[in-house]
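The values are calculated or read from the model by the stated rules, or taken from the named source; none is laboratory data. What you are looking at is a predicted structure, and each value in this text was computed from that prediction instead of being measured. With ideal geometry, Cβ positions are generated from the backbone for all residues, glycine too; neighbour counts draw on all protein chains shown. Only protein heavy atoms, including side chains, enter the accessible area calculation; ligands, DNA and RNA are left aside. Shrake-Rupley method; radii C 1.70, N 1.55, O 1.52, S 1.80 Å.
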Amino acid sequence: MKINVAAGSIEKQKTDGAVITLFEGEKLGPIAERVDKALGGMIARLLKRGDFKPGPGTVHLIYPEGRIAGERLVLAGLGKRSEFTINRLRQAAGKAAPYLRAAGATVITMSSGGIGLDEEEIAQALTEGSMLGLYRFLKYKTKEESDRKKDIRTLTILTENASSAVTMRKGVQVGEAIAESTIMVRDMVNSPAADMTPTIIAAGARGIAQEFGLKLQVLERQQMEKLGMGALLGVASGSAQPPKFIIVEYRRGGKKPFIALVGKTITFDSGGISIKPAENMDRMKDDMSGGAAVIGAIRSAAALKLPLNIVGLLPATENMPSGSAYKPGDVLRTLSGQTIEIINTDAEGRLILSDALAYACRYKPAVIVDIATLTGACRIALGQEAIGMLGTNEKIKEQMREAGDKTGERVWEMPLWEGYYDQIKSDIADMKNTGGRDGGAITAAALLSKFVQSYPWVHLDIAATAWTEKDRPYTPKGATGIGVRLLTQFLRDYEKKN
Ligand code: BES
Ligand code: MN
Ligand code: ZN
């Protein structure tokens with residue numbers, strides 16, 4: 001889809017679909033007012049009768065029949081002005097664009113003056129919302145389906161004053177870079193595990209590295225053995241697929257210390273010998289969402305040329321049962337030297353992360369952020385509306401919260417108090433890999449915290465948010481690509497604040 005910025009009035013645009021935004025419970029703004037006039041007061045009547053209430057994420061289709069230049073007009077609701085956030089605009093675009101595609105439009109135009117926000121941010125949000133809302137995963141569909149309408153070819157973002165076009169074009173570029181990375185991540189996560197093995201992920205990372213001039217290193221089993229990554233190797237021992245430890249370095253920050261991003265990359269989590277129930281096990285192809293998000297965030301950082309040094313670390317393996325698999329009762333020796341007693345082989349994410357976090361410390365990083373589909377308990381605690389956040393550094397946590405609020409990928413903190421550590425004490429090793437049902441998201445993070453030394457560290461649990469079973473305004477059901485926008489925003493702000 002080509003995205004343009006142009007100056008002009010929406011009612012004069014020749015387009016398959018014009019989109020204007022409306023706040024709930026107030027009189028029409030200047031743009032809507034003009035369109036309404038051209039339509040003989042139709043919008044005002046619709047609102048007055050209550051046929052359309054412009055709540056957040058709502059859309060209403062009108063056929064103007066020649067009274068404005070566009071074939072179709074979509075009214076997109078923003079909710080109440082007092083509750084407005086930039087995410088509402090992203091949602092409006094994310095609903096309107098696929099709605100127009102379903103109606104048969106291929107050229108669409110959006111106008112959103114009078115919202116009173118930074119113009120670059122508006123353009124970025126409209127771009128992200130549209131691209132992400134239009135996302136479809138068709139790789140495995142072989143038949144044309146009646147509901148598979150043609151793609152939208154052109155989106156024009158309209159501004160009333162020509163002087164803001166340059167700023168808005170910048171916003172479009174930023175939005176495109178971030179949305180493309182998010183889409184790449186959704187494709188990776190939606191792909192079946194057989195087509196997204198550690199080997200395939202490593203090859204994909206190599207492609208990105210070449211495209212964006214990143215340094216890539218992939219450690220093979222032998223090298224992991226030599227280093228002593230006993231936790232990652234323990235998890236990998238049941239799988240016919242060879243594990244990979246993927247290291248991506250992006251360097252544009254001169255002498256600045258590295259920011260380390262660590263992503264759980266379990267390409268399929270069967271649970272191992274502590275095997276999961278059959279119901280919904282197919283979803284466990286999404287257990288590499290953290291690693292994919294790290295690649296996605298580094299891709300956007302590189303596309304945006306952020307002046308930072310970033311290292312991405314992806315411990316990649318399947319978790320499978322077999323005659324060679326690791327077992328409950330085993331003790332694994334991690335890269336850090338600490339030992340972990342295995343109580344449940346399904347608590348594998350924290351194991352592979354323990355080696356990756358220890359490896360991250362070798363960079364003497366300014367910050368370590370790990371992102372992982374770590375615990376079902378996180379969904380019990382927070383549902384699908386928030387990413388679970390735990391960590392050791394107040395400033396970094398605050399910055400992550402701000403990035404979450406801006407992007408709509410919101411985080412909510414859980415405590416890492418001393419008492420939780422009692423739950424992972426082992427009788428025979430330094431710790432055990434599960435702490436029981438109570439506070440499961442917290443005890444998992446407590447284990448991770450033992451591998452970050454004193455480096456500022458934040459852990460993000462995306463187990464509940466990496467996948468959605470229902471369509472959301474700019475997130476169709478399936479892989480959400482969560483983490484890319486959050487981490488990219490965190491990195492963009494980090495560059496300014498530190
Ligand atoms: N990958 C899962 C977590 C998960 C569960 C992600 C549901 C998405 C949806 C993780 O490896 C896991 O199996 N965790 C266990 C830990 C338990 C054995 C202590 C869990 O949450 O049940
Ligand atoms: Mn598991
Ligand atoms: Zn897992």
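Within region 363-389, being farther than 29 Å from GLU121 by Cα, buried (at least 16 other Cβ atoms within 10 Å of the Cβ) and hydrophobic (A, V, I, L, M, F, W, C) holds for LEU374, ALA377, CYS378, ALA381. Quick one: in region 305-324, of everything that is out of contact with any strand residue (DSSP E or B) (no Cβ under 9 Å at 6 or more places or on another chain) and not charged (D, E, K, R), which residue is farthest from ASN498 (Cα to Cα)? Here the answer is GLY323.
Within region 457-494, the set of residues being within 16 Å of ligand 3 (Cβ to nearest atom) and polar (S, T, N, Q) comprises THR465 only.
Check GLY329, GLY291 and return the single one that is assigned to a loop (DSSP other than H, G, I, E, B) and either closer than 20 Å to LEU233 by Cα or in contact with a Pro (Cβ under 8 Å, 6 or more places away or on another chain) (or both). Let's see the steps before the verdict.
On the way: GLY291 fails: assigned to a loop (DSSP other than H, G, I, E, B).
It is GLY329.
If only residues of region 54-86 that are among the charged types (D, E, K, R) and more than 33 Å from the chain's Cα centre (by Cα) are counted, the one that is nearest to VAL19 (Cα to Cα) is GLU71.
State all residues of region 131-157 that are touching a Gly at 6+ places or on another chain (Cβ under 7 Å) and at pLDDT 95 or above; if no residue qualifies, say none.
LEU132, GLY133, PHE137, listed by residue number.
Just one of the numbered conditions (1) within 15 Å of ligand 1 (Cβ to nearest atom); (2) more than 29 Å from ARG88 (Cβ to Cβ); (3) of a type in the set (S, T, N, Q) is not true of GLN384; which one? The failed condition is (2).
State whether the residues of region 391-398 include one that is surrounded by 20 or more Cβ atoms within 10 Å (Cβ to Cβ), closer than 27 Å to ARG437 by Cα and within 16 Å of ligand 2 (Cβ to nearest atom). Checking region 391-398: not a single residue is surrounded by 20 or more Cβ atoms within 10 Å (Cβ to Cβ), closer than 27 Å to ARG437 by Cα and within 16 Å of ligand 2 (Cβ to nearest atom).
Against the test of being open to solvent by 10 Å² or more (accessible area, probe 1.4 Å), more than 27 Å from LYS406 (Cβ to Cβ) and not basic (Lys, Arg), the options GLY104, GLY70 yield a single qualifying residue, GLY104. Residues considered: LYS327, LYS276. Of these, the only one that is over 17 Å from the mean Cα position of the chain (by Cα), within 11 Å of ligand 3 (Cβ to nearest atom) and of a type in the set (Lys, Arg) is LYS276.
Rundown of residues vs (1) more than 11 Å from ligand 1 (Cβ to nearest atom); (2) in contact with a Phe, Trp or Tyr (Cβ under 6 Å, 6 or more places away or on another chain); (3) open to solvent by 50 Å² or more (accessible area, probe 1.4 Å); (4) more than 30 Å from THR182 (Cα to Cα), yes/no style:
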position: ASP430; (1), (2), (3), (4): yes, no, yes, yes
position: ASN433; (1), (2), (3), (4): no, no, no, yes
position: GLY440; (1), (2), (3), (4): no, no, no, no
position: THR443; (1), (2), (3), (4): no, yes, no, no
position: LEU447; (1), (2), (3), (4): no, no, no, no
position: PHE451; (1), (2), (3), (4): yes, no, no, no
position: ALA463; (1), (2), (3), (4): no, no, no, no
position: PRO473; (1), (2), (3), (4): yes, no, no, no
position: VAL484; (1), (2), (3), (4): yes, no, no, no
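Among the residues of region 337-360, none is identified as within 14 Å of ligand 2 (Cβ to nearest atom), assigned to a helix (DSSP H, G or I), touching a Pro at 6+ places or on another chain (Cβ under 9 Å) and open to solvent by 10 Å² or more (accessible area, probe 1.4 Å). Residues in region 361-371 that are over 22 Å from the mean Cα position of the chain (by Cα) and not in a loop (DSSP other than H, G, I, E, B): 1 in all. Those residues that are away from ligand 2 (no atom under 15 Å from the Cβ), crowded, with 24+ Cβ neighbours inside 10 Å and not hydrophobic (A, V, I, L, M, F, W, C), I need them from region 276-333; list them, please. Of everything in region 276-333, those that are away from ligand 2 (no atom under 15 Å from the Cβ), crowded, with 24+ Cβ neighbours inside 10 Å and not hydrophobic (A, V, I, L, M, F, W, C) turn out to be GLY296, ARG299, SER300, GLY312.
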